[in-house]
Structure formats: C-alpha cells, structure tokens
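The structure under discussion appears below in the form of structure tokens.
No value in this document is a laboratory result; all are computed from the given coordinates. The structure displayed is predicted, hence computed values, not measured ones. A quick note on method: Cβ atoms are made from the backbone with ideal geometry, for glycine too, and the neighbour counts reach across all protein chains shown.
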Amino acid sequence: MIGRRRFPLAGAATLMIAVLLLGGCQSPGQPAAAPDPSRPPKALAVDPSDGSLLKAAGGVFRSADQGRTWSALAMPADLQPTAIQQVATTSAAPGTLFAAGPGAGVVRSDDDGRTWSSASGNLPSKDVSVLAVHSFHPGTLYALVPGSGIFRTEDGGDQWQKMDAGPRAKVLGLAHSTLPGSMNTGWLYAATEDGPYLSMDCF
C-alpha cells in the first residue's frame, strides 16, 4: 500500500522522480494529427541497448545526438501513438520499451521500437497517466489509472492487479528503486502534488 506519510528524497531517487515528471501534470488534451518531433517531452528515458535518449511527446521519439534531433518510432495508429505521454525502459531487458498515455493504455516493444503491441491487459481503462518499470524485474510494471488506482503486472502487461487507490494527492510520477535500505523487492515512490510518498514493502 502506498503510505500516507511523506519522506524526503535525495540523490538518485530525486533524479528518477524528476525524469518521470517532465510535463507529467499537463492535461492530455486533443492528440495531434501525427507525431511531431518538435513537441516538448512529457517523459524521458535512456535506451540501455545503445544509450540513445527516448522521449514521450504525443508519440515515442529517439535521439542519438543528445537531444539535438529526434526521429519518431513508428507505432500502429490503433495503439493511439499521439496519446503517448510516458516512456520507460529497464537495463534488465535491453531492447524492451514501454510507453503509456491517456487513451493509449500501455504499449510495449521487444525489438527496440521497431514493432509495438498493447500491454493493457485487463486494466479497467486505457486512461493511464503514469507508468513505471520495476528496477530489476522487467516484466513487472506499475500503472496509475486516475479514479481507479495503482495497478501492477508481473507478466509484462497481460494481466494487471489493482494494488490500492494510491495517495490521496494527485500522482504525477512513479519510480521503483533499490536504493540502500530498501526492502528485498525495492521501494515504489510516488511523486504527488503534496510531496513524495513511498510503499515500504512494494506490495
């Protein structure tokens, strides 16, 4: 259960939350007609397979020159790429990319963005506003569906289970951490408008 008590964040944990929160509090609005590489990022991630930078901004984009230029990763129109606002990767599975957004649910690629498939499983809605990947179990993800709660999958998105309603304050980002002092399964941090929260036992 995500606790109601606030904890200060420092060092790596602060960095993880900051990356997740780039533009995360903005309303999705109307999706653009096509992915636009000039749009500012709503989330950033590093592709562990080659060190390139990924951004979610009404689509998933890749930069091989430290953000100076961007190219869109092709995604089928039925997966609603222009609704994408989150992107996540894990060094435990190089080449696997996850993305999400209100109206898009959760989508994944297992070939570094060349092909994509839905990973929304049995989520109650595709209005996923926040996404995070477990730090060392690449098949475990956490997704926030506003009004429904925080959900977890342990099979890469086929089946999701509701964990709890999450913090009362609006959740802007999630990050899983194995920082020193964490439990064996790690800690799940939630960045909110009321400050950071964490789950001591990661469910």
- line: Under the rule rounded for a/c under 1.5, else prolate if a/b exceeds b/c, else oblate, using alpha carbon gyration tensor axes a ≥ b ≥ c, the range 83-185 is classed as oblate
- prompt: Full extension from H137 to A64: what is 0.36 nm times the residue separation minus their Cα-Cα distance, to one decimal in nm?
  reply: 23.6 nm
- prompt: Near Q161, within a Cβ-to-Cβ distance under 13 Å, what is the net charge of the other residues, with Lys and Arg +1 and Asp and Glu -1?
  reply: -2
message: Using the Karplus curve 6.51 cos²θ - 1.76 cosθ + 1.60 with θ = phi - 60°, what ³J(HN,Hα) values do you get for each residue of the range 67-82, in whole Hz, with x for Gly and Pro?
response: x, 6, 10, 9, 10, 6, 8, 5, 9, x, 4, 6, 8, 6, x, 6
At R0 = 41 Å, FRET efficiency that the Cβ-Cβ distance of K162 and D50 yields, to 0.05: 0.70
